[in-house]
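The values are calculated or read from the model by the stated rules, or taken from the named source; none is laboratory data. In this text the structure is predicted, and so the values were computed from the model without any measurement. FYI the Cβ positions are ideal-geometry reconstructions off the backbone, even for glycines, and counts take in every protein chain you see.
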Amino acid sequence: MKRTAFYSEDKISGLMFGMLAGDALGFRFNDKGPDEIPPLDMEYIRAHPPKNYTDDSQMAISVLEEMTENGLIDQSSLRDRFLRRFSPWRSYGGGMLEVIERWRDGEAIESTAASLYNGSGNFGDGAAVRVAPIPLFFQLDETAALQKEVDRCVLLTHTHPYGRAGALLHATAILLALNDVPENDWITRIFKLPIESAFKIKLGRVAQCLDRKASANESAKEIGNGPQAIEAVPAALFSVLRHPDSFLDAFLFSISMGGDTDTIGAMTGALAGARMGAARIPDELLEQIENEKEGLDFIRDLIIQAKGKK
């Protein structure tokens, strides 16, 4: 039976629009250290509103579309969506650019992904950020089925265990957020996932930073803020757990950590938006987000379709 999204339009919109806002604002500060980023608040946002999203959101839109139309991840179908939607100006990374070119040359999905980085596979955070829409189609007790679809999505481009583990961690956290699981239980539940032990060590650091309410600068040093999944995914998780009751505070904190700010911002926005809903996202964050061919209205229409209403 074809799946439809289980959750309210407010939560689905919160996830998608939160992701776009974090992606668009975060991109402005990519690769900067925490000390290089100005104080971020509503005054800054009003003067410098986020506008254009990057490759992270573009690929996540394809994933939402794939799940909406097919009810699962068909790798060939999703690859074709990535190729059709590919816009080089959205700052695709080197690994993904190589994948795109090799797909265009007719290379098989399996051999393309497995041969990246001298055969070690991609361990970056790109797969993790794009799986955000998949949990919308699963209930809390369907973790095994969710993991299967997440892996199908990830293995198009990321075969390294860290890339796969980061995506499963992010998808599981979103599932917890969608189901209003108390944030105090998140780390305990995520720790039980079949993920690399290095991620579990990192979760311990997240817990330590939460205990001492670490600053953005401190947490960037302790947890990391780089483009590797093992740093970026825990950084986004920490930002939401550090500010569980304020979308804006979690969102701005994640970008203040510096580093791979568009992807960390996108994951934080998706996670906080899934937890709190679109109604908790300040209007100023969305007022100037692009709304042309595949902007906010396009996503709103996809959400209606995902709910089975169209």
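Can you name the residue in segment 241-293 that is within 16 Å of the chain's Cα centre (by Cα) and among the polar types (S, T, N, Q) and, of all such residues, is nearest to ALA5 (Cα to Cα)?
Here the answer is THR268.
Of these, GLY33, GLY94, GLY106, GLY124, which one is under 20 Å from the mean Cα position of the chain (by Cα), more than 19 Å from HIS170 (Cβ to Cβ) and of a type outside the set (A, V, I, L, M)? Spell out how you get there, then give the answer.
Details: GLY33 fails: under 20 Å from the mean Cα position of the chain (by Cα); GLY106 fails: under 20 Å from the mean Cα position of the chain (by Cα); GLY124 fails: more than 19 Å from HIS170 (Cβ to Cβ).
The match here is GLY94.
List every residue pair whose Cβ atoms lie under 8 Å apart, where the two residues are 6 or more positions apart in sequence or sit on different chains, the first residue falls within segment 69-81 and is more than 17 Å from GLN147 (Cα to Cα) and surrounded by fewer than 16 Cβ atoms within 10 Å (Cβ to Cβ), and the second residue, located anywhere, is modelled with pLDDT of 95 or more and among the charged types (D, E, K, R).
Listed by first residue and then by second, the contacts come to SER77/GLU66.
Give the residues of segment 249-265 that are more than 12 Å from LEU20 (Cα to Cα) and either of a type outside the set (A, V, I, L, M) or in contact (Cβ under 8 Å) with a residue 60 or more places away in the chain (or both), sorted by residue number. Quick ask: steps written out before the conclusion?
Start the filter on segment 249-265 by keeping residues that are more than 12 Å from LEU20 (Cα to Cα), which leaves 249-250, 252-261.
Within segment 249-265, ASP249, LEU252, PHE253, SER254, ILE255, SER256, MET257, GLY258, GLY259, ASP260, THR261 meet the criteria.
Which residue pairs have Cβ atoms under 7 Å apart, sit 6 or more places apart or on different chains, and have a first residue in segment 99-115 that is under 15 Å from SER77 (Cα atoms) and a second that is in a loop (DSSP other than H, G, I, E, B)?
Close Cβ pairs (under 7 Å, with a partner that is in a loop (DSSP other than H, G, I, E, B)) amount to ILE100/PHE86; ILE109/LEU156.
Which residue, of TYR53, TYR44, is aromatic (Phe, Trp, Tyr) and within 29 Å of VAL99 (Cα to Cα)?
TYR53
Rundown of residues vs (1) at positive phi; (2) of a type outside the set (Lys, Arg); (3) out of contact with any Cys (no Cβ under 8 Å at 6 or more places or on another chain); (4) surrounded by fewer than 24 Cβ atoms within 10 Å (Cβ to Cβ), yes/no style:
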site	(1), (2), (3), (4)
ARG212	no, no, yes, yes
GLU218	no, yes, no, yes
LYS221	no, no, yes, yes
SER254	no, yes, yes, no
LEU271	no, yes, yes, no
GLY277	yes, yes, yes, yes
ARG280	no, no, yes, yes
ILE289	no, yes, yes, yes
ASP301	no, yes, yes, yes
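For segment 178-211, how many residues meet the condition of being in contact (Cβ under 8 Å) with a residue 60 or more places away in the chain and in contact with a helix residue (DSSP H, G or I) (Cβ under 7 Å, 6 or more places away or on another chain)? Show your work before the answer.
In the first step, residues of segment 178-211 are kept if they are in contact (Cβ under 8 Å) with a residue 60 or more places away in the chain; the result is 178, 180, 183.
Pick out the ones that are also in contact with a helix residue (DSSP H, G or I) (Cβ under 7 Å, 6 or more places away or on another chain) and you get 178, 183.
Residues flagged as in contact (Cβ under 8 Å) with a residue 60 or more places away in the chain and in contact with a helix residue (DSSP H, G or I) (Cβ under 7 Å, 6 or more places away or on another chain) within segment 178-211 amount to 2.
Select from segment 122-148 the residues that are in a helix (DSSP H, G or I) and within 16 Å of ILE61 (Cα to Cα) and list them in ascending order.
Quick first cut of segment 122-148, residues in a helix (DSSP H, G or I) only: 126-130, 134-137, 143-148.
Answer for segment 122-148, where residues must be in a helix (DSSP H, G or I) and within 16 Å of ILE61 (Cα to Cα): GLY126, ALA127, ALA128, VAL129, ARG130, ILE134, PRO135, LEU136, PHE137.
Would you mind stating whether GLY119 is at pLDDT below 95 and on the phi > 0 side of the Ramachandran plot? Full working, then the answer.
Details: at pLDDT below 95: yes; on the phi > 0 side of the Ramachandran plot: yes.
Against the criterion (at pLDDT below 95 and on the phi > 0 side of the Ramachandran plot), GLY119 qualifies.
Wholly within segment 1-119, which helices (runs of 4 or more DSSP H) include no fewer than the required count, namely at least 1 residues that are closer than 26 Å to PHE253 by Cα and of a type in the set (Asp, Glu)? Steps first, please.
Numbers: elements: 9-27, 42-47, 55-70, 75-85, 94-104, 109-114.
So the answer is 9-27, 42-47, 55-70.
Does SER115 meet the test of being more than 21 Å from GLU66 (Cα to Cα) and in contact with a Ser or Thr (Cβ under 6 Å, 6 or more places away or on another chain)?
Details: more than 21 Å from GLU66 (Cα to Cα): yes; in contact with a Ser or Thr (Cβ under 6 Å, 6 or more places away or on another chain): no.
So SER115 does not fit the description; no.
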